[in-house]
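Here's the structure we're looking at; comments come further down.
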Amino acid sequence: MAGFLDRAKEQAQRGLEQGKQKLDDVQAQRAGGDLLKKLGSAYYEQQHGKGTPEETQRAMEAVESHASTHGDGFLRG
């Protein structure tokens with residue numbers, strides 16, 4: 001009986017870990033998408049005389065930083 005409970009506990013723990021990893025992945029994807037939107041907005045505003053190249057560069061650096069930390073999967077969205 002103890003062996004069964006130990007295996008059930010291990011499976012539950014693995015399930016929790018997999019769920020947390022999936023949640024982290026989804027949150028990273030959303031954050032990456034948000035950064036891409038900000039980059040697009042900064043570029044659009046720059047092209048229409050409302051924004052600056054520095055704002056666009058900062059947005060690009062944020063996207064690159066996110067990609068180096070979390071991978072570039074959010075770019076394929």
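The values are calculated or read from the model by the stated rules, or taken from the named source; none is laboratory data. Quantities reported herein were computed from a predicted structural model and do not represent experimental measurements. Cβ atoms come from the backbone with ideal geometry, glycine included; neighbour counts cover every protein chain shown.
Restricting attention to region 8-30, does a residue exist that is at pLDDT below 95 and in contact with a Leu (Cβ under 9 Å, 6 or more places away or on another chain)? No: region 8-30 contains no residue that is at pLDDT below 95 and in contact with a Leu (Cβ under 9 Å, 6 or more places away or on another chain). The residue pairs whose first member lies in region 55-77 and is under 17 Å from Asp24 (Cα atoms), whose second member is among the polar types (S, T, N, Q) and surrounded by 13 or more Cβ atoms within 10 Å (Cβ to Cβ), and whose beta carbons are closer than 6 Å, counting only pairs six or more residues apart or on different chains, are Phe74/Gln29. Got at least one residue in region 7-29 being assigned to a helix (DSSP H, G or I), of a type in the set (A, V, I, L, M) and either surrounded by 12 or more Cβ atoms within 10 Å (Cβ to Cβ) or touching a Ser or Thr at 6+ places or on another chain (Cβ under 6 Å) (or both)? Yes, the conditions are met somewhere in region 7-29. Scanning region 22-35 for residues that are closer than 15 Å to Thr69 by Cα and of a type outside the set (Asp, Glu) yields Val26, Gln27, Ala28, Gln29, Arg30, Ala31, Gly32, Gly33, Leu35. Taking each residue of region 32-46 that is free of Cβ contacts under 8 Å to residues at least 40 places away in the same chain and assigned to a helix (DSSP H, G or I) and looking for partners that are surrounded by fewer than 17 Cβ atoms within 10 Å (Cβ to Cβ) and of a type in the set (Ser, Thr, Tyr) with beta-carbon atoms closer than 7 Å, six or more apart or interchain, yields Gln46/Thr52.
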